Amino acid sequence: MMTLLLGLLALSGLCALLALLLEAANTVFADYGPCQVSINEGAKEFTVKGGGRLLSTLMDHGLFIPSACGGRGSCGLCKVKVLEGAGPILPTETPYMSEEELRNGIRLSCQVRIRRNIRIEIPEAFFLIKEYRTQVISLKPLTPFIKEVHLKLLEPSEIVFKPGQFIQFQVPEYPGSSEPVYRAYSIASPARLKTEIKLVITRVERGIATTYVHNFLKEGDEVLINGPYGDFYLRHSDRYMIMIGTGSGLAPLMSILYQMADEHIDRPCTLYFGVKSRKDLFYQDEIQELLQKLPRLRYVPVLSDPLPEDHWDGETGYVTDAVARDVTDGSQMEAYLCGNPLMINAAVKLLTAKGVTEDRIFFDKFG
Amino acid sequence: MESSLSAPIIFFASIFTNNILLANFLGMCSFLAISRELPSAVGLGLAVTFVMTCTTALNYLVYHYLLVPFHLVHFRFIAFIIVIAAFVQLVEMVIDRYSPRLYVVLGVFLPLITVNCAILGVCLFMVIRKYNFVQSVAYGFGGGLGWMLAIAALAGIREKLKKAPIPKALEGPGISLIVAGLMALSFMAFSGMIQMG
Ligand SMILES: Cc1cc2nc3c(=O)[nH]c(=O)nc-3n(C[C@H](O)[C@H](O)[C@H](O)COP(=O)(O)OP(=O)(O)OC[C@H]3O[C@@H](n4cnc5c(N)ncnc54)[C@H](O)[C@@H]3O)c2cc1C
Ligand code: FES
């Protein structure tokens, strides 16, 4: 017994001593001193304590760079041009870079650490991206796994976005996450409503953000969001439109359809909505209303796994199977896809095989 | 009873005749993983040498002044690993600070030094063979240099191999293992010179 206690004591002492030493070393070695960040040839400049990541540093200074993975280096969205001071390109960045981007000094801002003065260039549009304080006015279950989060903007009180774009939702520290994280969610509401937005959020098993939204978020809570981001939005042309959404991927498509109804954009369009069974279909009343307003809109719900009680006589199988059955010649079509990456990859393959050119296929991958 | 070998002999032996990698086959994973290019192999070799030298010294002190007096020698595995882990953290910080490029190249392998069995092996051999402090440090330093010599040699050979006509099935790890085996065989020639225990 004594030996055990003594052993524990000795080992704990050893650990404590080493931890202390490491902490001391950390303050010495991780101190890079003050570094200057200069944006667009001095349009904005500030000095920061070196050592931090470029993405989060810019965020702390009110500059929001698109990012969908919360800085894990897996979405490849947070690209900025670094003119000077970023150090060598990292193996975590190269998979997301084309030859040309490599030559032009494009970097993933979430991977670049600020260790000395740094000069960067970002598109003017990024200056318009803001952080918004919002309040949850309602939380509505749409299906067993999907919730609609309705947010009212408090400060600033209005947001201007292109239908189809997404925002970043800040999940604060909570029992499932020791630090705030950001996740991308498409705006599902019409752009004409500037003071409020709706998000449609699918629960992901053990997901940090979705567990928070589904189990912890309450009406009346304040939430920080930033945006708008993304180049998934309606292109103006007269082409036939194919829209394919799976699950919560319907969200940005709804926003685009509202825009078409509001602006009387009467284009031929088929909306394919793929889910498992009838209980997973949502926004059906809203879609019926849109069908009234948009005479050339066609709606095709597709169930991959209908239950006997669904009494389903509509399309079945994968959503892409239904598209494959419908479309013969895609050469004059435009496609808008949103949902899980597997569907998107399959749909892009199918559509290009049907003759839709790649520059006419727009998508947001929820991966 | 203390080992009768003198420190310089131990130093020499641990590099050539009893190379920790080629004679004991310890530290194989990073040996194979980081030996594609000479500069990173040498970088990792230096890091391992540094960690090995310092941790043998530290672990010698921990063993003889903490574990032995309190009759806690059976805790030596845990204690040694804790010391090695903490020390690797420190090295990581230093490399990150002063050589970001090496930091990037070593990537996940840097923390892997912690689990480099060669380092724990050296610490345990030092105890088993009853080395004194100076002998231990000489052994640690030599062991590190020996490991570096082996990985640098392999990296050099692999760089040459890039241009060699290797059968498709043997490319990559296959040929590396064969080369490592041949290197071990050639180092066998030294092994009769000194008996380390
Ligand atoms: C541009 C864009 C727009 C998006 N819009 C929406 C939207 O409108 N509605 C919406 O619900 N989501 C949307 N997403 C996805 C969203 O950003 C999150 O990735 C998702 O909600 C999971 O976050 P999490 O923190 O709960 O899970 P995490 O903690 O990030 O992940 C937990 C685990 O689940 C896995 N995982 C993550 N996502 C999925 C998934 N979809 N299916 C299965 N496994 C998964 C991860 O690999 C991980 O192992 C969008 C993503 C992008 C890039
Ligand atoms: S934020 Fe996703 S790659 Fe940088």
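Among the residues of the range A:75-95, the one identified as within 14 Å of another protein chain (Cβ to nearest Cβ), more than 14 Å from ligand 2 (Cβ to nearest atom) and exposed (fewer than 15 other Cβ atoms within 10 Å of the Cβ) is A:PRO88.
Would you confirm whether or not the range A:211-219 contains a residue that is touching a residue at least 60 places away in the same chain (Cβ under 8 Å) and either under 16 Å from the mean Cα position of the chain (by Cα) or within 26 Å of A:ASP60 (Cα to Cα) (or both)? For the range A:211-219, residues touching a residue at least 60 places away in the same chain (Cβ under 8 Å) and either under 16 Å from the mean Cα position of the chain (by Cα) or within 26 Å of A:ASP60 (Cα to Cα) (or both): present. In the range A:44-60, the qualifying residues are those that are more than 16 Å from ligand 1 (Cβ to nearest atom) and open to solvent by less than 20 Å² (accessible area, probe 1.4 Å), and the one that is farthest from A:ASP31 (Cα to Cα) is A:LEU58. Picking from residues in the range A:221-233 that are at pLDDT below 95 and part of a loop (DSSP other than H, G, I, E, B), the one that is most open to solvent (accessible area, probe 1.4 Å) is A:ASP231.
Residue by residue, here is whether (1) under 17 Å from A:GLU219 (Cβ atoms); (2) within 12 Å of ligand 1 (Cβ to nearest atom); (3) touching a residue at least 60 places away in the same chain (Cβ under 8 Å) holds:
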site	(1), (2), (3)
A:HIS150	yes, no, no
A:PRO175	no, no, no
A:ARG183	no, yes, yes
A:ALA188	no, yes, yes
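The selection criterion, being within 16 Å of ligand 2 (Cβ to nearest atom), among the hydrophobic types (A, V, I, L, M, F, W, C), surrounded by 14 or more Cβ atoms within 10 Å (Cβ to Cβ) and in a helix (DSSP H, G or I), does not hold for A:LEU63.
Scanning the range B:52-110 for residues that are of a type in the set (A, V, I, L, M, F, W, C), under 19 Å from the mean Cα position of the chain (by Cα), under 23 Å from B:SER14 (Cβ atoms) and more than 9 Å from chain A (Cβ to nearest Cβ) yields B:MET52, B:CYS54, B:ALA57, B:LEU58, B:PHE77, B:PHE80, B:ILE81, B:ILE84, B:VAL88, B:VAL91, B:PHE109.
Of all the strands (runs of 3 or more DSSP E) wholly in the range A:137-198, which have at least 1 residues that are of a type in the set (D, E, K, R) and either within 25 Å of A:GLY71 (Cβ to Cβ) or open to solvent by less than 30 Å² (accessible area, probe 1.4 Å) (or both)? Because the criterion is at least 1 residues that are of a type in the set (D, E, K, R) and either within 25 Å of A:GLY71 (Cβ to Cβ) or open to solvent by less than 30 Å² (accessible area, probe 1.4 Å) (or both), the strands (runs of 3 or more DSSP E) in the range A:137-198 that meet it are A:146-155, A:181-186.
Would you say A:GLU100 is within 16 Å of ligand 1 (Cβ to nearest atom) and of a type outside the set (A, V, I, L, M, F, W, C)? So that I can check it myself, show each step before the final result.
Details: within 16 Å of ligand 1 (Cβ to nearest atom): no; of a type outside the set (A, V, I, L, M, F, W, C): yes.
No: the conditions fail for A:GLU100.
So, A:ARG72, is that one under 28 Å from the mean Cα position of the chain (by Cα), open to solvent by 40 Å² or more (accessible area, probe 1.4 Å) and within 14 Å of chain B (Cβ to nearest Cβ) or not? So A:ARG72 fails the test.
So which residues in the range A:96-126 are within 14 Å of chain B (Cβ to nearest Cβ) and either assigned to a loop (DSSP other than H, G, I, E, B) or more than 19 Å from the chain's Cα centre (by Cα) (or both), if there are any at all? Explain how you work it out, then say what you get.
First, pick out the residues of the range A:96-126 that are within 14 Å of chain B (Cβ to nearest Cβ): A:107-108, A:111-116, A:118.
A:ARG107, A:GLN111, A:VAL112, A:ARG113, A:ILE114, A:ARG115, A:ARG116, A:ILE118, listed by residue number.
Okay, residues lined up against (1) closer than 26 Å to A:HIS236 by Cβ; (2) open to solvent by less than 60 Å² (accessible area, probe 1.4 Å); (3) within 25 Å of the chain's Cα centre (by Cα):
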{"site": "A:ASP266", "(1), (2), (3)": "yes, no, no"}
{"site": "A:LYS276", "(1), (2), (3)": "no, no, yes"}
{"site": "A:LEU290", "(1), (2), (3)": "yes, yes, no"}
{"site": "A:ARG298", "(1), (2), (3)": "yes, no, no"}
{"site": "A:LEU307", "(1), (2), (3)": "no, no, no"}
{"site": "A:GLU315", "(1), (2), (3)": "no, yes, no"}
{"site": "A:ALA335", "(1), (2), (3)": "yes, yes, yes"}
{"site": "A:ALA347", "(1), (2), (3)": "yes, yes, yes"}
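The set of residues from the range B:54-77 being closer than 17 Å to B:GLU92 by Cβ and open to solvent by 10 Å² or more (accessible area, probe 1.4 Å) comprises B:CYS54, B:LEU58. From the set of residues in the range B:1-52 that are among the hydroxyl-bearing types (Ser, Thr, Tyr) and not in a helix (DSSP H, G or I), which is modelled with the lowest pLDDT? Looking at the filtered set, the residue picked out is B:SER3. Applying the criterion of being surrounded by 15 or more Cβ atoms within 10 Å (Cβ to Cβ) and in contact with a Gly (Cβ under 6 Å, 6 or more places away or on another chain) to the residues of the range A:18-43, the residue that is farthest from the other protein chains (Cβ to nearest Cβ) is A:CYS35.
To keep it simple, each residue is scored yes or no on (1) out of contact with any helix residue (DSSP H, G or I) (no Cβ under 9 Å at 6 or more places or on another chain); (2) free of Cβ contacts under 8 Å to residues at least 24 places away in the same chain; (3) among the aromatic types (Phe, Trp, Tyr).
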| residue | (1), (2), (3) |
| --- | --- |
| A:THR47 | yes, yes, no |
| A:THR57 | yes, no, no |
| A:ASP60 | yes, yes, no |
| A:ALA68 | yes, no, no |
| A:ALA86 | no, no, no |
| A:LEU102 | no, yes, no |
| A:ILE122 | no, no, no |
| A:ALA125 | yes, yes, no |
| A:ILE137 | yes, no, no |
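Evaluation of A:ILE122 against the conditions (1) surrounded by fewer than 17 Cβ atoms within 10 Å (Cβ to Cβ); (2) closer than 27 Å to A:THR47 by Cα shows that the sole unmet condition is (1).
The values are calculated or read from the model by the stated rules, or taken from the named source; none is laboratory data. Because the structure is predicted, anything quoted here is derived from the model rather than measured. In this analysis, Cβ positions are derived from the backbone assuming ideal geometry, glycine residues included, and neighbour counts consider all displayed protein chains. Protein only, heavy atoms only, side chains kept; ligands, DNA and RNA dropped before computing areas. Shrake-Rupley method; radii C 1.70, N 1.55, O 1.52, S 1.80 Å.
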